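Participant: A single structure is presented below for examination.
The values are calculated or read from the model by the stated rules, or taken from the named source; none is laboratory data. Keep in mind the model is a prediction, meaning the values are calculated, not measured. Methodologically, a virtual Cβ is constructed for each residue, glycine included, from the backbone with ideal geometry; neighbour enumeration extends over all protein chains shown. Just the protein is used for accessible areas: all its heavy atoms, side chains included, with ligands, DNA and RNA removed. Shrake-Rupley method; radii C 1.70, N 1.55, O 1.52, S 1.80 Å.
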Amino acid sequence: MRTATHRIRLIASAALLATALSTGAAATAAPHAPAPAAVSAAAPAAAAQASWPTVKPGQRGVDVTTVQLLLTARGHATKADGVYGSGTAAKAKAFQKAQRLTADGIVGPRTWARLVTTLKAGAKGAAVTALQHQLTANGHTVKADGAFGPATTTKVKAFQKAHRLTADGIAGTRTWAALVRGGGSGGGGGKPGGGGKLSDAQAAAKLKAAGISRVSSGNCTDRNRKNCTSLQGIRVGTVNGVISLKKKSGCKVTVTGGTETGHAGGTYSHWNGYKVDISRTSCVTNYIQGHAKKHHKRRDGAWVWRVTSGGKTVVDYADERWANHWDITYY
């Protein structure tokens, strides 16, 4: 009896030991499994990184001012003069180092994602001022007073609605990304839905007020003559886009082609007010190529640099080098 009882106890002990070992093995393996929270957090971060422009030393314009103000808001006080000089580069490097990013002084997707902060009604400070500068540069003029009041809320909602974002008046990551890339316009910032058309005098006045000049080989504005540069019938969104391009790039912008005859036809044509030609300067070229993606080559040999928003094309920049101008289409 003792032998039988002893065997039964041995068998029971072995079973208990096996269960304990099995439980221990599972507990040991568990920490090596992917953490769901980490995976879900990485996904939106990766999505946000794909849509930011690059801002680096030597550049000028509202995007530089935005970087400077956001650096200040993040505790790295920087003079907001719109010029990316050695001082700004040093502050950007310090911020990147503190955030454990590559400290190269170049503000790319990862740095942008850490710089921007979600803002809503009631917020105050340098980050709000940066937001207000971006809204104005994108055609939604608002006083840059650093206070997120009713006027700023209204402008944020208008921008969001125009660019197919949730119009809640809260400037989160997606709204910031759309703003700094030109509202999905690669620095052009034309206001989608700006389908109303202007007279030549109206368009010329808006461009002149923004510091944009117009030239023509025939020194004329008659849209029925191909050697003229006419603005008759140009779309509001196209004019806003050109104005925003100048503000955001800090470049001199000169219109060399408008709605006059002599250009290719089609729905999105010069004649119908969707297109405009501007002088191909190094400043403009560098800005466009830094804020849009090289997309395809047209049949005439011009490379097209494209900006999309919500899966739709909103601006095409065609590099007509032989004519020394950029042929821009605002959809």
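Participant: Where in segment 262-331 are there trypsin sites (Lys or Arg not before Pro) that are in a DSSP coil and have at most 15 other Cβ atoms within 10 angstrom of their Cβ?
Facilitator: On the way: sites: K275, R280, K293, K294, K297, R298, R299, R306, K312, R321; in loops: R280, R298, R299.
Passing sites in segment 262-331 are R298, R299.
Participant: Can you send over the solvent-accessible area of I243, 1.4 Å probe, protein chains only, in Å² to the nearest 10?
Facilitator: Per-residue accessible area (I243): approximately 20 Å².
Participant: List, in the order given, every pair from K226/K312; K197/K275; K208/K252 whose Cα-Cα distance in the structure shown is over 20 Å.
Facilitator: Numbers: K226/K312 31 Å; K197/K275 13 Å; K208/K252 12 Å.
K226/K312, as the Cα separations exceed 20 Å there.
Participant: Going Cα to Cα from K79, which lysines come in below 21 Å? Please leave out same-chain ones fewer than 8 positions away.
Facilitator: List returned: K56, K91, K93, K97, K124, K143, K247, K248.
Participant: A further question follows. Pull up all non-local amide H partners of R214: gap of 5 or more, or a different chain, and H-to-H distance under 5 Å with H placed in the peptide plane.
Facilitator: V255
Participant: Applying the Karplus parametrisation 6.51 cos²θ - 1.76 cosθ + 1.60 with θ = phi - 60° to the phi angles of segment 291-307, what ³J(HN,Hα) value in whole Hz is obtained for each residue in order, glycine and proline being reported as x?
Facilitator: 10, 9, 10, 4, 10, 7, 9, 6, 4, 7, x, 7, 7, 9, 9, 10, 10
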